[in-house]
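Please read the structure below before turning to the comments.
The values are calculated or read from the model by the stated rules, or taken from the named source; none is laboratory data. Just so it is clear, the structure is predicted and the values come from calculations on it, not from any experiment. Please note: Cβ atoms are built from the backbone with ideal geometry, for glycine as well, and neighbour counts cover all protein chains shown. All accessible areas refer to the heavy atoms of the entire protein, side chains included, with ligands and DNA or RNA removed. Shrake-Rupley method; radii C 1.70, N 1.55, O 1.52, S 1.80 Å.
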Amino acid sequence: MDVPVPRFSVIVPAYQVQAYLHACLESVLAQSYPDFEVIVVDDCSPDACGAIADEFAALDPRVRVLRLPRNEGLGPARNAGMDRAGGDYLVFLDGDDTLTPHALRGIADRIKETGEPDVLVYDYARTYWTGETVRNRAAAHLTEQGPAPFRLSDRPGLLELLMVAWNKAVRREFAEREGLAFPPGYYEDTPWTYPVLMTAGSIATLDRVCVHYRQRLRGSILGTPSERHLDVFTQYDRVFAFLESRTQTHPEAREELARWRPVLYRRMADHLTTVYTRPDRLPRSLRAEFLRRARVHCRRYRVSGARAPLPVRLRHALLRLGLRRTYGALRLASALRRRTAKVTAGLLRAARTGALRLHYRLQRCLPLRADRAVFAVEGDRGYGRDPGALEEAFRRLAPHVRTAWAADPVLHHTVPPGTRRLTPGTAAHWTALARSRYLVCDAAFGAGLVRRRGQVLVQTQTGTPLGHMGLDLQEHPAAARGTDFARLLREAGTWDYVVSANRHSTLTWERVHPGGWTTLEYGQPRTDVLQRATAADVARLRETLGIPEGTVAILYAPAHRDYRRTQRSALDLQRVVRRLGPRFMVLARAHPRHGGPLAASGGRVLDVTGHPHVESLSLASDALVTDYSSLMFDYAGLDRPIVLHAHEREAYEAARGTYVDLRSFPPGAIARDEDELIGLFASGEWHGARSARLRAAFRERFCPYDDGRAAERVVRRVVLGESDLPPVVPLAERRPAPSAAAVLARTPLATVPQPAGPRTVTDSL
């Protein structure tokens, strides 16, 4: 009988990580790729690590626990796990770190794509107690562009990555053949990583964050002052000894190996400098000893050709010469210079702020300019959305009014040529706010704004509200995030007009932003472009985005989760497109507050988070997949399919609350999980008759005025003073541009293949 051979052996050494081991093991067992074993090595930990590992082993047969009779250290613990491993590939994970969702599936797919390389290098992100996640700064070296697999000589930049074991999957047969093992002591990853990369016959990269590297406040091994940090010298002795022995045993590779010696020297010097300068590593009594040994090592292994920038060469020279006092004096001078610069910058900022306040007060004493208007959007995202649609209508219908747009200089290129560009916080910006008659925004103009008599403030809001807003957030502190409700009421009291898309929005805004303003229930101005676009516009946008002809493009735009410090995609988008086949692709757009892309671009998943205009993405797509994003209300006006991925519904509703029960009144088909979503698209139900009926009812309720002339009605009323406004085009008479794949999408797909089980041996319009 054949014994199942797992694809991966995940080796988790555990020593005094009881507070984190649960999360570590759960992140592995929750992987969507099931073909693995977990070997937890209890390194004679004095805490509850062994008991925790036993609990997981009792619940899941893929977990095996190995106990060491005495504490050996991280390197020997990993070696013990390797001796018991039976998987094709070795994956290392420290007990206080975690795998990201679907990481093993992504690793397995990339290994298969690149022909079973000896080593696959993937990315990581540092996670902090605040919830902040910061991706590796050297991620550019992991690009999947170019031939793969390759040798280290083809991509030497991989040596610039952090020298750790847990960012690589290593083929077990390769490791056994080369006799690769971890040494004892601190910095054990160094004599493992260099030999692995230098001896590998084939290497591939995966441009994806697969590991979350926890940054602990205290308690980590390398963050504890100890004489064991002197082990770094022994570890580099092992690295250079390996290089020397490899040169002797493989004379044919002598020239290739010789090229790595200058690189290794520079990496060693950088590493020694880091250890010496970090205050949490060396006790004060060992600093002189460390510098003495560093001088010996630098002189022993220094070779010509180790080029580096001048500051780096200076640090290396001071290290090599052992000039401890000089080194300390230069560091002190550098720290003093930085502190002086910081204090000076703070004083200059305070002086500038005072001068701008005085300037703004003086400008408010001057007459208003009736022919001026200032526009801006929330979050300084550049030109667009409702204020952008109104600005365009101002120029078209009221050309006597000179318009200006406030945005960061890096976004000035998004502003049309005929519109003045303003930089927030400058004297010109405050002058415009003080003297312009019309101020248009979808959020607050700024804490220092004082509404003058005669000024007209138009608030467009940010779309039809689904989640609770304004005063209703008082019952949802997770979503309110410290909102100043008193200030919110003061700002609402300065508005003259609020643009509303429908009756639902009108009733909501009047309750959650009470004030003496007038409601303009004319439709959502930003949807005008969706109604005016032609089939030629759609084709042009798809070509700009690189959407192949005949492809069904799914726009995936999830909502922000107020109850999560770190945002992540609820879908494995690579798996979705792989299951659906080459006919489909995904345009993944993260919420502006997401802080990063939902998924790395690659294959048939395109990250469009940075695209300036979601309206263009809507036109280019054939269907929208979302959960609780208000984009669904705009998209419904296009009369294109909408699929809800009802992920974490209870948590979202508890954290923010919703005004619309999407279960009883959805805009289209609903999927509870990823497999149901795939099934909806595979069967054709996403654009079926039932989906169309649901969408029609949703559109009738929430898009009654979105006929392409909403901005025109606002400008004619507010600026031109007209009361006889253009009539609303009935829903039945509107003809939004059809999606490019509307006809193709009517053909049902073939059966979607099931995942394999365990094996045995653009521009805006």
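As a ratio to 2.2 N^0.38 Å, the alpha-carbon radius of gyration for the stretch 89-177 is 1.13.
If you take the Cα centroid of the stretch 607-622 and the Cα centroid of the stretch 28-52, the two points sit 42 Å apart. Over the Cα atoms of the stretch 583-704, each weighted equally, I'd like the Debye log10 I(q)/I(0) at q = 0.12 Å⁻¹, rounded to two decimals. Scattering profile of the stretch 583-704, log10 relative to I(0): -0.45.
Put R453, R352, R693 in order of accessible area, highest first, and with a 1.4 Å probe you get R453, R693, R352. The string of couplings for the stretch 70-87 from the Karplus curve (6.51, -1.76, 1.60, θ = phi - 60°) is 8, 5, 9, x, 4, x, x, 5, 5, 4, 4, x, 4, 4, 8, 6, x, x Hz, one whole number per residue in order, with x for Gly and Pro. Cα-based radius of gyration for the stretch 486-590, normalised by 2.2 N^0.38 Å, reads 1.55.
Work out the length of the dipole vector of the chain about its Cα centre, built from +1 on the beta-carbon of each Lys and Arg and -1 on the beta-carbon of each Asp and Glu, and round it to the nearest 20 debye. Please report the intermediate quantities before stating the final value.
Numbers: 109 positive and 85 negative charges, 836 e Å.
Taking the Cα centre of the chain as origin, the dipole is about 4020 debye.
Among beta bridges from DSSP that stay inside the chain, the antiparallel ones total about 20%. Over the stretch 376-486, the pair-distance histogram of Cα-Cα distances with 5 Å bins from zero comes to 2, 11, 19, 22, 19, 13, 9, 5, 1, 0 percent, rounded to whole numbers. In this structure S664 has an accessible area near 90 Å², from a 1.4 Å probe over the protein heavy atoms.
Each semi-axis of the equivalent ellipsoid for the stretch 329-429 is √(5λ) with λ an eigenvalue of the Cα gyration tensor; in descending order they amount to 38, 19, 8 Å.
Candidates C44, A30, A138 compared by Cα position along the dipole of the stretch 16-155: farthest toward the positive end lies A138, with charges placed on Cβ. Rounded to the nearest whole Hz, the Karplus-based 3J(HN,Hα) values (6.51 cos²θ - 1.76 cosθ + 1.60, θ = phi - 60°) of the stretch 441-454 follow the sequence 7, 9, 8, 6, 7, x, 5, x, 6, 10, 6, 8, 5, x, with x at glycine and proline. One way to sum up the overall shape of the chain is the equivalent ellipsoid from its Cα gyration tensor, whose semi-axes run 54, 35, 24 Å, largest first.
Residues whose amide H comes within less than 5 Å of that of F92, counting only those at least five positions distant or on another chain, are I11, K168 (H built at 1.01 Å from N in the peptide plane). Each part reduced to its alpha carbon centroid, the stretch 357-426 and the stretch 468-494 end up 26 Å apart. When S683, S500 are compared by accessible area at a 1.4 angstrom probe, the order from most to least is S683, S500. For W517, the accessible surface of its heavy atoms amounts to roughly 30 Å² (probe 1.4 Å, protein chains only, rounded to the nearest 10).
Phi angles of the stretch 534-548 translate, via the Karplus equation with coefficients 6.51, -1.76, 1.60 and θ = phi - 60°, into HN-Hα couplings of 10, 4, 5, 4, 4, 4, 5, 5, 5, 5, 4, 7, x, 7, x Hz per residue; Gly and Pro are given as x.
Database remark: amide H of V456 closer than 5 angstrom to the amide H of Y438, L439 (H placed geometrically; neighbours at sequence offset of 5 or more, or on other chains; Pro and chain starts carry no H). The trypsin sites (Lys or Arg not before Pro) found in the stretch 478-528 that occupy coil by DSSP, while having at most 11 further C-beta atoms within 10 Å, are R481.
Working note: 222 nm ellipticity from helices only, DSSP H runs with n ≥ 4, each -39,500 (n - 2.57), summed and divided by the residues of the chain, gives -11500 deg cm²/dmol to the nearest 500.
Sites listed here are GluC sites (Glu not before Pro) in the stretch 477-558 whose DSSP assignment is loop and whose Cβ has at most 16 other Cβ atoms within 10 Å: E549. For the stretch 392-482, the relative contact order works out to 16 percent when only alpha carbon pairs closer than 8 Å and six or more residues apart are counted. Of the residues D88, D622, D661, ranked by 1.4 Å probe accessible area with the largest first, the sequence reads D661, D88, D622.
In the context of the full protein assembly, F150 retains an accessible surface of approximately 20 Å², using a probe radius of 1.4 Å and ignoring ligands and nucleic acids. When the alpha carbon coordinates of the stretch 143-213 are projected onto the principal axes, the ranges are 37, 29, 19 Å, largest first. Annotation: amide H-H contacts under 5 Å for E722 (H modelled 1.01 Å from N, sequence separation of 5 or more, or interchain): R717.
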